[in-house]
1. Can you pull out the trypsin sites (Lys or Arg not before Pro) in region 76-174 that DSSP calls coil and that have at most 10 other Cβ atoms within 10 Å?
2. Probe of 1.4 angstrom, ligands and nucleic acids ignored: what's the accessible area per residue over the chain, in square angstrom?
3. When you have a sec, figure out the Kirkwood radius of region 138-276 from all distinct Cα pair distances and drop it here in Å to one decimal?
4. Between VAL316 and GLU107, how many nm apart are label points set 7 Å from Cα along the C-beta direction?
5. Specify the inter-centroid distance of region 101-128 and region 246-272, based on alpha-carbon positions, in whole Å.
6. Under a straight-distance cross-link criterion of Cα-Cα below 27 Å, which lysines are reachable from LYS299, leaving out those fewer than 8 residues away in the same chain?
7. How would GLU290, GLU74 line up by accessible area, probe 1.4 Å, largest first?
8. So how strong a dipole does region 138-276 carry about its Cα centre when Lys and Arg Cβ are +1 and Asp and Glu Cβ are -1, to the nearest 20 debye?
Amino acid sequence: MRHARRAAIGALLGSALLLGASLTAHADDTKITLGFSQVGAESAWRTANTVSVKSAAKDAGINLKFSDAQQKQENQIKAIRSYIAQKVDVIAFSPVVESGWEPVLIEAKNANIPVILTDRNIDVKDTSLYVTMIGSDFLEEGRRGGKWLEDHYKNDAGPINIAELQGTVGSAPANDRRAGLLEVIKNDPKFKVIASQSGDFTLAGGKQVMEAFIKTYGKQINVVYAHNDDMALGAIQAMEEAGIKPGKDVTVISFDATKGGFEAMVAGKINVDVECSPLLGPQLMTAVKEVVAGKSLPKRIVTEETIFPMSVAAQVLPQRKY
Ligand code: AHR
């Protein structure tokens with residue numbers, strides 16, 4: 001009797017479990033699947049961007065397939081091809097460099113999978129290969145850094161020698177932050193970019209390049225224009241090891257405005273930080289849902305950003321989210 005009752009309960013539980021499982025499977029089938037190819041984990045900015053994308057996908061109920069390309073375009077192309085093979089609903093990626101995307105994007109288009117660019121832009125003739133681009137205006141960021149520089153030295157006859165720590169070669173932020181600076185200073189001969197080299201957006205890269213700059217140019221360097229905070233922090237280490245006071249002997253201009261950048265401003269070692277927000281996840285998930293719903297999106301969604309001089313750093317730091 002006891003056996004019979006147990007068997008009946010077991011059967012009931014079994015069918016309840018089966019029903020639950022099939023309901024879950026059905027719920028998952030209706031979920032949007034997004035394939036996201038991230039650049040890598042080269043900077044504090046990138047880490048914050050990854051956290052933003054992952055948590056926004058969770059909040060939005062989107063099934064996220066995530067891959068880290070370790071700063072290599074071939075890895076991003078492989079990831080995109082695998083998302084096409086898996087028939088995801090939408091592909092999004094933050095392109096490590098600007099060029100070389102046509103073939104794989106044509107494959108996505110032929111498979112009817114919409115592509116959203118996030119953070120970095122690409123250079124393609126046929127812009128129908130992607131739906132929209134969500135991210136910062138890096139050229140404007142470069143102009144902001146350049147204008148701050150002009151203003152900072154407005155009463156100085158010069159010459160003002162700039163050492164530039166570039167981001168990843170061929171990437172949109174490296175190209176545009178440089179172009180923005182050059183555009184602003186081009187008519188003022190007192191400003192001169194005397195050295196320019198890539199530190200690949202990493203702290204170690206920034207330190208190594210700055211060490212080489214110091215060896216070659218020593219005290220001739222008046223300004224370090226670092227394309228991100230990680231490289232600026234590396235350059236600060238190199239300067240301090242060489243007995244140079246960053247923020248005083250050498251003016252330091254940086255980009256991103258991460259907590260690390262702010263802490264360096266509070267310590268008087270970065271003079272100004274141009275904001276670049278990595279918190280793109282929620283906007284991306286909204287765009288993904290809209291694309292799947294058949295809505296049309298603006299071709300460019302620009303992130304709102306500002307610039308923080310060292311004088312406001314201590315007051316603003318507690319509110320920084322990344
Ligand atoms: O594309 C955004 C840039 O990439 C950020 O400025 C930098 O920190 C990151 O690695």
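1. On the way: sites: LYS78, ARG81, LYS87, LYS109, ARG120, LYS125, ARG143, ARG144, LYS147, LYS154; in loops: LYS87, ARG120, LYS125, LYS154.
Of the trypsin sites (Lys or Arg not before Pro), the ones in loops of region 76-174 whose Cβ has at most 10 other Cβ atoms within 10 Å are LYS125, LYS154.
2. 47 Å²
3. Working: mean 1/r = 0.0701 Å⁻¹.
Across region 138-276, the inverse of the average 1/r is 14.3 Å.
4. A separation of 4.2 nm, rounded to one decimal place.
5. Spelled out, the Cα-based centre of one part sits 37 Å from the other.
6. LYS31, LYS54, LYS58, LYS65, LYS72, LYS78, LYS87, LYS109, LYS125, LYS289
7. Ranking GLU290, GLU74 by accessible area, largest first, yields GLU74, GLU290.
8. On the way: 16 positive and 20 negative charges, 87 e Å.
Roughly 420 debye for region 138-276.
The values are calculated or read from the model by the stated rules, or taken from the named source; none is laboratory data. Quick caveat, the model's predicted, so the values are computed rather than measured. In this analysis, Cβ positions are derived from the backbone assuming ideal geometry, glycine residues included, and neighbour counts consider all displayed protein chains. When the accessible area is computed, the model is the full protein with side chains, heavy atoms only, and any ligands, DNA or RNA have been set aside. Shrake-Rupley method; radii C 1.70, N 1.55, O 1.52, S 1.80 Å.
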